[in-house]
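Since the structure comes first, as structure tokens, the remarks are kept for the end.
Where a number appears in this text, it was derived from the coordinates with a stated rule and is not lab data. This structure is a prediction, so every number in the text was calculated from the model and none was measured. Backbone-built Cβ (ideal geometry, glycine too); neighbour counts: all protein chains shown.
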Amino acid sequence: MKFKILLVEDDESLGFMLKDNLVMAGYEVRLCQDGEKGLTAFHNDEFHLCVFDVMLPRKDGFSLTFDVRKYNAKTPIIFLTAKSQQNDRIKGFKAGGDDYITKPFSLEEFLLRLEAVLKRVYGHPTNADQKDQFSMGKYSFDFHDQSLSAHGQSIKLTNKEARLLKILAQHKNQVVERNLIMKTIWEDDGIFVARSMDVFISKLRKILSQDPNIKITNVHGVGYRLEEGE
């Protein structure tokens, strides 16, 4: 089962970053940038979960939720907001929201909160749960255990090594953009983060070097690709 998510966020940079990370985690995502378009999208399609920013143009997140709840009382809704006052949280829950995430938040927290709501509502594993095991050449990669195994031997990866390898493994033989990797794992795309990422790429290359059919290539000016040969 592939969960479909309606994301309504007017911050273009944040919206696309959240969408990209949700897609990488195995979800299908529809992104809208104002409340009216979000309501139209909700009426024209079926979604398993909605993520609404509170401060939206044309129709704010609370009003959007109120209108959605006129037609659908079950689809879970998560609010994103820069506000942290208790009365705003209460207003959100009264409008029909299921959870409330205050900006700034980490991408890891965002995905975990989203998965928790999906599990609670639908009662079975989310897309992300089903994608923690990967096969690449002679290696078996278990993201949950942060381990890479081959021929009965296992290598323990650090948290960042495991998260980086998971992104590449999810898009095996495809290019993953540098900026997307940096914003996903380091939540920044500055020059020092870029240098740190290059160090981790080098570490993974060394770890994977026992299998000549597996390599991480640098696509100049774009990003990296985990390649699996025959």
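List of remarks:
- Counted over segment 4-122 with a bin width of 10 Å, the fraction of Cα pairs per bin, in whole percents, is 14, 53, 32, 1.
- Equivalent ellipsoid dimensions for the chain as semi-axes, Å, which come from the Cα gyration tensor, largest first: 36, 18, 15
- About the centre of its Cα atoms, segment 132-228 shows a dipole size close to 240 debye [charges on the beta carbon of Lys, Arg (+1) and Asp, Glu (-1) only; nearest 20 debye].
- Label-point separation in nm, Asn179 to Glu12, each point 7 Å along Cα→Cβ: 1.1
- Inter-centroid distance (Cα atoms) of segment 148-167 relative to segment 3-44, Å: 31
- Förster radius 22 Å - calculated FRET efficiency between Lys70 and Asn44 (Cβ-Cβ, nearest 0.05): 0.90
- Once the Cβ-Cβ distance of Ala82 and Ala116 is raised to the sixth power relative to R0 = 22 Å, the FRET efficiency obtained is 0.50.
- The chain, helix-only ellipticity at 222 nm - DSSP H runs n ≥ 4, -39,500 (n - 2.57), divided by all residues, nearest 500: -12500 deg cm²/dmol
- Among Asn72, Asn179, Asn44: highest mean-square fluctuation, GNM of the chain, C-alpha pairs under 10 Å: Asn44
- Degrees, to the nearest 10: 12-24 long Cα axis against longest axis of the chain: 60
- For Lys172 and Thr102, the FRET efficiency from 1/(1 + (r/R0)^6), where r spans their Cβ atoms and R0 equals 22 Å, is about 0.05.
- Dipole magnitude of the chain, debye to nearest 20 (Cβ charges: Lys/Arg +1, Asp/Glu -1, about Cα centre): 300
- Segment 50-170 - percent relative contact order, Cα under 8 Å, separation 6 or more: 15
- Extension gain (nm, one decimal) between Lys203 and Asn218, 0.36 nm per residue minus Cα-Cα: 4.0 nm
- The calculated pair-distance distribution of segment 132-228 uses every alpha carbon pair, bins of 5 angstrom beginning at 0, and gives 3, 13, 27, 28, 18, 8, 3, 0 percent.
- Here the extension length gained between Thr158 and Ala194 equals 11.2 nm, from 0.36 nm per residue of separation less the Cα-Cα distance.
- DSSP beta bridges in the chain [antiparallel fraction, %, rounded to 5]: 55
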